[in-house]
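One structure is given here, and the rest of the page talks about it.
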Amino acid sequence: MFVKLQYLDTPCFPGLSSTLRSSTVGVSISPPDNLVPISRKPKHSWISECPNRDSKNVGGVKKYTNDNGGRRQETRLKKASKTEEREPHIRNRHLGNRVVKKDEWEDGNGSVERVHPKCSTKCLSYGGCIPAILQALDEVSDLDEALKPWKDKLNSKERSIILKEQTSWERALEIFEWFKMTGSYEVNVIHYNIVLRILGKAQKWRLVESLWAEMNKRGINPINSTYGTLIDVYGKGGFTEEALAWLERMNEQRMEPDEVTMGIVVQLYKKAGEFQKAESFFKKWSSRNSTKCEITNQNKVASAEVENSLHPHVSLSTYTYNTLIDTYGKAGQLQEASTTFENMLNEGVAPTTVTFNTMIHICGNHGKLKEVTLLMQKMEELQCPPDTRTYNILISLHAKHDNIDLASNYFAEMKEACLQPDIVSYRTLLYAYSIRQMVVEAEQLVAEMDERGLEIDEFTQSALTRMYIDAGMLEKSWSWFWRFHLTGRMSSECYSANIDAFGERGCIVEAERVFISCQEEKKLTVLEYNVMIKAYGVVKDYVKAQKSFDSMESNGVTPDKCSYSSLIQILCGADMPAMALSYLRKMQSAGLVSDCIPYSVVISSFSKLGYLEKADELYREMTEHGMQPDIVVYGVLINAFADAGSVREAIGYVDAMKRAGLPGNTVIYNSLLKLYTKVDYLKEAHEAYKMLQQTDDGPAIYSSNCMIDVYSKRSMDKQAEEIFERLKRKGEANEFTFAMMLCMYKKKGRLQEAISIARQMKEQGLLTELLSFNNMISLYAMDGRFKEAVSTFQDMIKASIQPDECTYKSLGVILLKCGVSKQAIRKLELSVKKDAQSGVQAWGSVLSSVIGMSIKDDYV
């Protein structure tokens, strides 16, 4: 009548869904569903299916006669349910690339008839006078002449069929108006429903509204299927709000949606991504209908609360179950989908291949491969044969989970089951082979496709180009590209994908050759230039990147936002911010600067090189152009000025950031802490550190060390010790942390605590820096532990760390305390200045003789 419920209205498991690789980002993506083939050839392959089956018990589940895999019809029923009365008279069944009408599905022997165009198909579909009428309407434009032999003889059903079989909305409307004008025929709500659906499919919304107004004017009351039709066509036309408005009108008429209309609304919410609303609507509908069942059967009101997603007393069709399972699957609700499937089996509703495909897809997406295996076993148990789509799903999910052998096995099994792999089968497996550099296997599939006359789509073409390059087969990758270039049917997007494939792997010569080939075909667009600029950036050929950009306009191509952004990024990465700035100015003049990102890149480059005045100038220019700086810009500037010790400027950016209402982040707080530590702003440093502690990541070790430094300078030993102990517990304390604590204790005269820290540093291997050695030697010299000091000096020489003045100063103190004259110590210091190596040896000899320790020559 108004909606065909043969298959789920879903992109029911295409192998992979995406577009060609972005021309400016070298990241692999999955292959798309609807790709532009490089060549177009007719396809003749089709797959026959089993005829409908009678009711029987299989595996404990009562099977029903299937009409199109969608609705169920128990063979013992004398009268079809209301739901099935709503089924269109003509039902389409999709078999591969063919469409078969219901009456053609069985010819008595279970064989499948081929579809014939227009009138020949209609002749096979109907008996009586209908074939002749439809042929006459196809051949004679004048309606009076075409329908003259059957004037005043057409019944309501025949008129419905005539309207429904029209492929043109104009012809359908013309026939409908003719029925009304003749005065011999009464048009009823069914006829209006058919025309409403035809006009809605054609998106003739004014005519739909006009027809609705006409119904009201003529007193023809809408029925359940009328509202269902309107909700369906508006929803499929992309007008979700308008579709829901029709549902609201239906509710205002106190008309309860039947199962078909309910399914349409659930589908509507599902397509809009409103999965919660879809579930809520179904539960309310199920609750109301289960209550009606209780009233009818028991003459009393029963509890209508639905504890699960399905009420056990509501009888649903296969189509509805499939819709619900798919809705839960798209919402990521695996448990609810599984429960619905279980309820379906418990209710005795036989799942179809579509049901199993949906469940396999959902479980596979959630990584439930064990459940996928069980579902396959259940399919076999219920004698529900897998179709090509089933195998495509299995190939895709096992390739996704890196079980390429099993994916290949399913491809072979599909052929053994006399199912012909389709283009999705080949595309999915080819992509899986290509990203694994399985060259031999990929070439075998390509050979099969060539043999069958199947087209290689553009995504697959570029994916295999990448495969050959990654496998080190550069010549073969070029031959592969050249094969498709010679057809003359490669799109600009395909050329750009091939340039990107060569360019991002540093094969600049081949990338340039593809660019020239595209130019010769007169297909150059901004895409090719963008990926070529990117390729030059990869090989650090900045001159050619600029030349390529500068030549765009002379070749009739206007640079876009991506062109400018790519070149600016490349030049800034090469520490050429002045050159990048010139292109930023051009980008601004072209009106292509819509955010602060290009400015941020150039500001960051200037800041990195120490040109802070230029960075500040750009910041002010950006704000004058109405570009609101983001947290990244402020972070770069605050950090740069903090490193330079420019407190006033750094604080100015902090205040500007606060005025803009931007919250601080870890980078900002770390920069501030570094700044406040440098200028010894205790209060501000403490506040910044407190903010860091409230972030998810917490303070970095550098920030914690800065706070220990601040506290130690202020003799705030307790606060410093708290941070130190926390870092030790978390295993984050590093050499600098220990060294600062050692210095703090030494400064305060707490030599035992300092010596304890020194021992921990040695035990944990945290003695690698000159500063740490010097602090430790100084500590031992201060406490009179001369042997430990000289031993630390030995370790220092072994670690190939060159002593400095601080080192020799501490060692001089030791020698002085041991009675060595200042003049002798002065001579040792001069020996180091003359020759560092011999000076170290001289110090070692003196220390050895004075302290009584042997310093081995190989350490000196």
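Here, each number is a calculation from the coordinates, and none is a lab measurement. Small disclaimer: the values here were computed from a predicted structure and weren't measured. Backbone-built Cβ (ideal geometry, glycine too); neighbour counts: all protein chains shown.
Give the stretch 515-541 a look and list any residue that's under 24 Å from ILE568 (Cβ atoms), out of contact with any Ser or Thr (no Cβ under 7 Å at 6 or more places or on another chain), in a helix (DSSP H, G or I) and among the β-branched types (Val, Ile, Thr), or say none. Selection gives VAL538 alone.
Please tell me if GLN437 is within 22 Å of ARG483 (Cβ to Cβ), among the polar types (S, T, N, Q) and assigned to a helix (DSSP H, G or I). Considered against the rule, which asks whether it is within 22 Å of ARG483 (Cβ to Cβ), among the polar types (S, T, N, Q) and assigned to a helix (DSSP H, G or I), GLN437 comes out as no.
Residues in the stretch 540-563 that are among the charged types (D, E, K, R) and touching a residue at least 24 places away in the same chain (Cβ under 8 Å): LYS540, ASP541, ASP560, LYS561. In the stretch 245-260, which residues are farther than 15 Å from GLY200 by Cα and either in contact (Cβ under 8 Å) with a residue 60 or more places away in the chain or of a type outside the set (Asp, Glu) (or both)? Scanning the stretch 245-260 gives ALA245, LEU247, ARG249, MET250, ASN251, GLN253, ARG254, MET255, PRO257, ASP258, GLU259, VAL260. Cβ-Cβ below 9 Å, separation at least six or inter-chain, first residue in the stretch 725-738 and in contact (Cβ under 8 Å) with a residue 60 or more places away in the chain and within 15 Å of GLU753 (Cβ to Cβ), second among the β-branched types (Val, Ile, Thr) and surrounded by 12 or more Cβ atoms within 10 Å (Cβ to Cβ): which pairs? Short answer, once both residue conditions are applied: none. Among the residues of the stretch 631-644, is there at least one that is more than 27 Å from MET707 (Cα to Cα) and of a type in the set (A, V, I, L, M, F, W, C)? Within the stretch 631-644, none of the residues are more than 27 Å from MET707 (Cα to Cα) and of a type in the set (A, V, I, L, M, F, W, C).
The set of residues in the stretch 680-692 that are loosely packed, with under 13 Cβ neighbours inside 10 Å and assigned to a helix (DSSP H, G or I) comprises LYS683, LYS690.
When the residues of the stretch 793-834 are filtered to those that are outside any helix (DSSP H, G or I) and farther than 26 Å from LEU767 by Cα, which remaining residue is nearest to the chain's Cα centre (by Cα)? Out of the qualifying residues, it is CYS818.
Only one of the numbered conditions (1) under 28 Å from the mean Cα position of the chain (by Cα); (2) assigned to a helix (DSSP H, G or I); (3) acidic (Asp, Glu) is not met by ASP402, and that is (2). In the list ARG826, ARG759, ARG785, which residue meets the criterion of being charged (D, E, K, R) and surrounded by 17 or more Cβ atoms within 10 Å (Cβ to Cβ)? Of ARG826, ARG759, ARG785, the one residue that is charged (D, E, K, R) and surrounded by 17 or more Cβ atoms within 10 Å (Cβ to Cβ) is ARG785.
Residues of the stretch 222-238 include none that is part of a helix (DSSP H, G or I), of a type in the set (Lys, Arg) and more than 33 Å from the chain's Cα centre (by Cα). Looking across GLN764, GLN794, one residue alone is surrounded by 12 or more Cβ atoms within 10 Å (Cβ to Cβ), in contact (Cβ under 8 Å) with a residue 60 or more places away in the chain and more than 24 Å from LYS713 (Cβ to Cβ). It is GLN794.
The set of residues from the stretch 344-355 being assigned to a helix (DSSP H, G or I) and either touching a Phe, Trp or Tyr at 6+ places or on another chain (Cβ under 8 Å) or crowded, with 22+ Cβ neighbours inside 10 Å (or both) comprises MET344, VAL354, THR355. Can you confirm whether the stretch 365-375 contains a residue that is part of a helix (DSSP H, G or I) and under 20 Å from VAL349 (Cα atoms)? Yes, that holds for at least one residue.
Screening GLU725 with (1) buried (at least 17 other Cβ atoms within 10 Å of the Cβ); (2) over 29 Å from GLY610 (Cα atoms) gives one miss only, at (1).
Listed conditions (1) within 28 Å of LEU486 (Cα to Cα); (2) part of a helix (DSSP H, G or I) are all met by TYR564, apart from (1).
Among the residues of the stretch 171-220, the one identified as over 18 Å from SER160 (Cβ atoms), part of a helix (DSSP H, G or I), among the polar types (S, T, N, Q) and within 45 Å of the chain's Cα centre (by Cα) is SER210.
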